[in-house]
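Only one structure is covered here, and it is reproduced in the block below.
The values are calculated or read from the model by the stated rules, or taken from the named source; none is laboratory data. Since this is a predicted model, take the numbers as computed values, not measurements. Positions of Cβ are generated from backbone atoms using ideal geometry, with glycine treated the same way; all protein chains shown enter the neighbour counts.
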Amino acid sequence: MSSTPEIRPRSPKVVVIGAGIVGCSLADELTARGWTDVTVLEQGPLPAPGGSTSHAPGLVFRTSPSKTLAEFAKYTVEKFNALEVDGVPCFQQVGGLELATTPERLADLHRRAGYAAAWGIRGEIVDAARCKELWPLLDESVVLGGFHTPDDGLARALLASRAQLERATARGARFLDRHTVTGIEQESGRVTAVVTDRGTFPADHVVSAAGFWGPVIGRMAGIDVPLQPLAHQYVKTKPLPELAGHAAEASRPILRYQDRDLYFREHTDRIGIGSYAHRPLPVDPFAVPAYDEARARDMEMPSSYPFTTEDWTPSWEDCRRLVPALGASEVEEGFNGVFSFTPDGMPVLGESRRLRGFWLAEAVWVTHSAGVARAVAEWMVDGRPALDVHECDLTRFEDAQRSPSYVRERGCQQFAEVYDVLHPLQPMEQPRPLRVSPFYARQQELGAFFLEGGGWERPHWYEANAPLAEGMSLPERDAWSARYWSPIAAAEARATREKVALYDMTPLRRLEVTGPGALDFLDRMTTNNLRKKPGAVTYSLLLDERGGVRSDLTVARLAPDRFQVGANSPADLDWLTRHAPADVQIRDITSGTCCIGVWGPLARDLVQPLTRDDFSHEAFGYFRAKETYLGHVPVTALRLSYVGELGWELYTTADLGLRLWDTLWEAGRDLGVIAAGRSAFNSLRLEKGYRAWGTDMTDEHDPFEAGVGFAVRRDKEFVGRSALSDSPPTRRLTALLLDDPAAVVLGKEPVSVDGVPSGYVTSASYGYTLGRCIAYAWLPTLPTGTAVQIAYLGEKVAATVAEEPLFDPKMTRIRR
Ligand code: FAD
Ligand code: THG
């Protein structure tokens, strides 16, 4: 009898393109999870193949407004701290110090200290004397204060690459340098192989970890990779006598001088300085010269461009002012190093929706590299990352956000803004306007103040409503929370509660799901019961296999085989499309259609005269849909309201949008109708307790913790059902009311209970009807009435756990 071969599930064949820090880290994380058939193809010579990693100075500051980026960075530090090569550690935990030289910056450091506390990063605001103690070469008279994070530090990026490469190799991975990828082969929408100048490598999965060459690899695969390479200056000074005798490569904290767009680190007795102060220097990734090994000795790597002295000169003055010892020194070497910028500054991760098995792990800093690699490996092996990564998901870009000109313009802007003090509501300046609803002209006539989201121009309030705000008494705001805010929002909120208002809901994502299998499909994909007659609208959740909330939807059954789904991010379309059987069609109809929310106690008086259909509560109930005409305009009317008032979402095609607006405006004239913006909208939805997916809840949370368990029907089958727990949640999205009616917070602030850091704020807004600021926060389960403290600009703000919903618990305003 022949021997029985050992039966093992075959490990999928993975080809990783690029052996920078990301490719090496990914090979390590994949092989650690048992995916050992990993080939890493690298065009340059190992161990320093010539990409951005090859000369990154390796500063790791972990604090970020983004929880996801902070988590990535925390893992990178944890991992690199435990790695060494020949006794040399891959991380030097010298700490980080961000300096303030202006009051605005000092306030921003307090906010950053808030993010750090919210995401579990140790740090404290320190005075100028302490800054000097930490960094003796500083002129402390320039400094107002600093933010010190003792666990930040310096990554030895090439060494960490090598350590991970060696570990992955020991588990079976192979790294092939001097292999230039020239093509990606595919069949029926799936990747099959990677072609190089030295042969073809079959693959079940391909990951492009090609750094700023991402767009080049993307083109081979037929997909857009929205990143722009830009050069950034880095110099080393001559040895400083003040540092003579220093043995360690670095012992002082890495330093940021954001007011002048500079950062500093030690190189034994020299100082290394990086600058974002110069003009953006975009690089065409398709025109980057190939690695010339003969010239490599002179640092002429593909990612290293000649130093442009004129871009550096003004910064040198700034350096000398901050560090007077530099006055006697000079720059010994400098270069313009290239790395990636994306339209929103976040990495680009995930599997392409056009080409299955083709993954991106690009626009990643050394700082986030290990965290990103872990997330992508989990995504490939387990089907999803353990952390919420929706801000990095490559599907987040709308079509209009992938054009080369958009990516270039935004990338340059991101470069310029790297260290700017940015308000959470601050919109991008260019390119605008990009997407506008059909009501744009009317909105402009009404003096709309627009902010941008997803490329859309979105009115936040209308100056035309200023007279309504006269005489309203509102608490004074501090300068920061008064930005991108107007008392007019309070007047618009009141008009919605008392009369009727028109809200532009066009940016709300709409999917049309049709076909004989549509009902079964949506029923299997979502948590609520959809088996209702046409005309029903259902609030339902998309869960992933682990029971995390991927999205919350409204599903309107317009005909037996035709549904209109109100969704959130582009990832919803991707998720549904991935799972859809052949007899179901899914179309994103957002751009071709538009929507007006008509909400307020007079909404019925406004709409009823325009139609022969009966819009009474009896004939057109709450969460019902009707296709009808309003005047000349065919509309789909959904009776629901994210602001918690009587009314309808009215949809029509884009061509008829302006006519719809004018029809409603005319019909509402005698009722005192107004147009209202998102500032009021956000306040009203928080009073009603409606969650915003992506901010209040993500796939890190299950529906019961998030407070949307009412939409889960355990008596049916759906994706994620078996993962849901029966035990009561130990943490919850908790409604807080600030005790002082004059206090406000904005979101992402840390929350303490009895002085112990316990969670963070998600959304916040002043509740104009309640006369208090509302903050939702992730906290351990706490009884109503518990006192908590929110840190805002370094102050402790008192708040109390409140009973939900905060407004109209009996739903008397909506159901009538
Ligand atoms: P890379 O290191 O560029 O690796 C991509 C690899 O893909 C390259 O080796 C390339 O040769 C290979 N490749 C490309 N095309 C092909 C092909 N067709 N076939 C085969 N192989 C291919 N980050 C920080 O966190 N902190 C810092 O302080 C910091 N400072 C920086 C300073 C400078 C001057 C520069 C330039 C960057 C800095 N960065 C910093 C950014 C950081 O270096 C990069 O974001 C990071 O190294 C990117 O790693 P990666 O693996 O994605 O890309
Ligand atoms: N309108 C439409 N679709 C949407 C939204 C919307 N999809 C995405 C997002 N917004 C979904 N979020 C909500 C949140 C709450 C409600 C509607 C959409 C809502 N909830 C009621 C409640 O909780 O009391 C009713 C729930 C129920 O009866 O099951 O109205 O704004 N089209």
field: Check on Asp552, crowded, with 16+ Cβ neighbours inside 10 Å, at pLDDT 95 or above and either in a helix (DSSP H, G or I) or within 16 Å of ligand 1 (Cβ to nearest atom) (or both)
entry: no
message: Going residue by residue through segment 415-426, is there one that turns out to be touching a residue at least 40 places away in the same chain (Cβ under 8 Å), hydrophobic (A, V, I, L, M, F, W, C), under 19 Å from Gly597 (Cβ atoms) and outside any helix (DSSP H, G or I)?
response: no
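Would you check if there is a residue in segment 722-731 being crowded, with 21+ Cβ neighbours inside 10 Å and farther than 25 Å from Glu452 by Cα?
Checked segment 722-731: no residue is crowded, with 21+ Cβ neighbours inside 10 Å and farther than 25 Å from Glu452 by Cα.
Are any residues in segment 453-489 among the hydrophobic types (A, V, I, L, M, F, W, C) and assigned to a loop (DSSP other than H, G, I, E, B), and if so, which ones?
Matches in segment 453-489: Met472, Leu474, Ala479, Trp480, Ala482, Trp485.
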task: Only one of these is among the hydrophobic types (A, V, I, L, M, F, W, C), assigned to a loop (DSSP other than H, G, I, E, B) and either surrounded by 21 or more Cβ atoms within 10 Å (Cβ to Cβ) or more than 31 Å from the chain's Cα centre (by Cα) (or both): Val225, Val194. Name it.
output: Val225
query: Which ones in segment 426-450 are over 24 Å from Pro229 (Cα atoms) and either among the aromatic types (Phe, Trp, Tyr) or touching a Ser or Thr at 6+ places or on another chain (Cβ under 9 Å) (or both)?
result: Arg435, Val436, Ser437, Pro438, Phe439, Tyr440, Gln443, Phe449, Phe450
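Would you point out which residue out of Val751, Val788, Val761, Val745 is in contact (Cβ under 8 Å) with a residue 12 or more places away in the chain, part of a loop (DSSP other than H, G, I, E, B), hydrophobic (A, V, I, L, M, F, W, C) and more than 16 Å from ligand 1 (Cβ to nearest atom)?
Result: Val745 is the single residue among Val751, Val788, Val761, Val745 that is in contact (Cβ under 8 Å) with a residue 12 or more places away in the chain, part of a loop (DSSP other than H, G, I, E, B), hydrophobic (A, V, I, L, M, F, W, C) and more than 16 Å from ligand 1 (Cβ to nearest atom).
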query: Going by the structure shown, is Glu512 touching a residue at least 60 places away in the same chain (Cβ under 8 Å) and either crowded, with 20+ Cβ neighbours inside 10 Å or within 15 Å of ligand 2 (Cβ to nearest atom) (or both)?
result: yes
field: Yes/no for Ala277 being touching a Phe, Trp or Tyr at 6+ places or on another chain (Cβ under 9 Å) and assigned to a loop (DSSP other than H, G, I, E, B)
entry: yes
message: Exactly one of these conditions fails for Arg685: (1) within 11 Å of ligand 2 (Cβ to nearest atom); (2) not in a helix (DSSP H, G or I). Give me its number.
response: (2)
query: So which residues in segment 168-224 are more than 13 Å from ligand 1 (Cβ to nearest atom), under 21 Å from Val348 (Cα atoms) and among the basic types (Lys, Arg), if there are any at all?
result: Arg190
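Yes or no: segment 721-729 includes at least one residue that is within 16 Å of ligand 2 (Cβ to nearest atom) and under 29 Å from Cys392 (Cβ atoms).
First, the residues of segment 721-729 that are within 16 Å of ligand 2 (Cβ to nearest atom): none.
No, because not a single residue in segment 721-729 is within 16 Å of ligand 2 (Cβ to nearest atom) and under 29 Å from Cys392 (Cβ atoms).
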- prompt: Going by the conditions given, is Ser208 polar (S, T, N, Q), closer than 30 Å to Pro282 by Cα and in contact with a strand residue (DSSP E or B) (Cβ under 8 Å, 6 or more places away or on another chain)?
  reply: yes
- prompt: Does any residue of segment 649-659 turn out to be within 13 Å of ligand 2 (Cβ to nearest atom) and not acidic (Asp, Glu)?
  reply: yes
field: Among the residues listed as Glu330, Glu362, Glu417, the single one being within 30 Å of Ile271 (Cα to Cα), surrounded by 22 or more Cβ atoms within 10 Å (Cβ to Cβ) and either among the acidic types (Asp, Glu) or within 16 Å of ligand 2 (Cβ to nearest atom) (or both)
entry: Glu362
field: Within segment 490-530, tally of residues that are part of a loop (DSSP other than H, G, I, E, B), out of contact with any strand residue (DSSP E or B) (no Cβ under 6 Å at 6 or more places or on another chain) and farther than 30 Å from Glu666 by Cβ
entry: 3
task: Go through segment 386-400 and give me each residue that's in a loop (DSSP other than H, G, I, E, B) and among the hydroxyl-bearing types (Ser, Thr, Tyr).
output: none
